[in-house]
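Trainee: Right, I'll just put the structure down here and ask away after.
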Amino acid sequence: MSVEIKEYLAKDAVVLDVRTLEEWNEGHIPNSKHIVLTVIPLEVEKIKSWNKPIIAVCRSGGRSGQAAQFLQQHGVDVINGGPWQNVAKHLE
């Protein structure tokens, strides 16, 4: 998992946080994008327009896994980064 995260960060991937606004406000990765999981289907075109690989994150990895699976089905280059702190430690 962490090898993939490092590879994606090296490719200038966008970190996409799919947690709720409350969770996001408690802490998140600087410069990450915040789109709540439930609205991901409405934001697919916006996400595609970033034209970058995506690392999806949430609190435990469950929701980011759902987001990653959905985005993959729509042709987005995405991995599940799991808990956001997991990705944050690669950025330090």
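Trainee: Which of the residues spanning the range 1-18 are assigned to a loop (DSSP other than H, G, I, E, B) and of a type in the set (D, E, K, R)?
Mentor: Lys11, Asp12
Trainee: Now for a different question. If we scan the range 5-13, do we find a residue that is touching a Leu at 6+ places or on another chain (Cβ under 7 Å) and either surrounded by 18 or more Cβ atoms within 10 Å (Cβ to Cβ) or within 15 Å of Pro83 (Cα to Cα) (or both)?
Mentor: Checked against the condition, which is being touching a Leu at 6+ places or on another chain (Cβ under 7 Å) and either surrounded by 18 or more Cβ atoms within 10 Å (Cβ to Cβ) or within 15 Å of Pro83 (Cα to Cα) (or both), the range 5-13 yields no hits at all.
Trainee: Could we say that Leu21 is in contact (Cβ under 8 Å) with a residue 24 or more places away in the chain, surrounded by fewer than 17 Cβ atoms within 10 Å (Cβ to Cβ) and among the aliphatic types (A, V, I, L, M) here?
Mentor: Spelling it out, it is not the case that Leu21 is in contact (Cβ under 8 Å) with a residue 24 or more places away in the chain, surrounded by fewer than 17 Cβ atoms within 10 Å (Cβ to Cβ) and among the aliphatic types (A, V, I, L, M).
Trainee: Could you list, in sequence order, the residues of the range 43-76 that are more than 25 Å from Glu22 (Cβ to Cβ) and part of a helix (DSSP H, G or I)?
Mentor: Listed by number, the residues that qualify are Glu45, Lys48, Ser49, Gln72, Gln73.
Trainee: Of the residues Ile40, Ile79, only one is assigned to a strand (DSSP E or B), out of contact with any Gly (no Cβ under 8 Å at 6 or more places or on another chain) and not acidic (Asp, Glu); which?
Mentor: None of the other options fit; the residue is Ile79.
Trainee: Can Pro30 be described as exposed (fewer than 15 other Cβ atoms within 10 Å of the Cβ), within 13 Å of the chain's Cα centre (by Cα) and either modelled with pLDDT of 95 or more or not in a strand (DSSP E or B) (or both)?
Mentor: So Pro30 fits the description; yes.
Trainee: Looking at the range 77-92, which of the residues that are free of Cβ contacts under 8 Å to residues at least 60 places away in the same chain and farther than 13 Å from Val14 by Cα is surrounded by the most Cβ atoms within 10 Å (Cβ to Cβ)?
Mentor: That would be Pro83.
Trainee: A further question follows. If I ask for residues that are surrounded by 13 or more Cβ atoms within 10 Å (Cβ to Cβ) and either touching a Gly at 6+ places or on another chain (Cβ under 7 Å) or at positive phi (or both), which ones from the range 43-76 would you list?
Mentor: Ile55, Ala56, Val57, Gly61, Ser64
The values are calculated or read from the model by the stated rules, or taken from the named source; none is laboratory data. Please read all numbers here as calculations on a predicted model, not as lab measurements. Cβ atoms come from the backbone with ideal geometry, glycine included; neighbour counts cover every protein chain shown.
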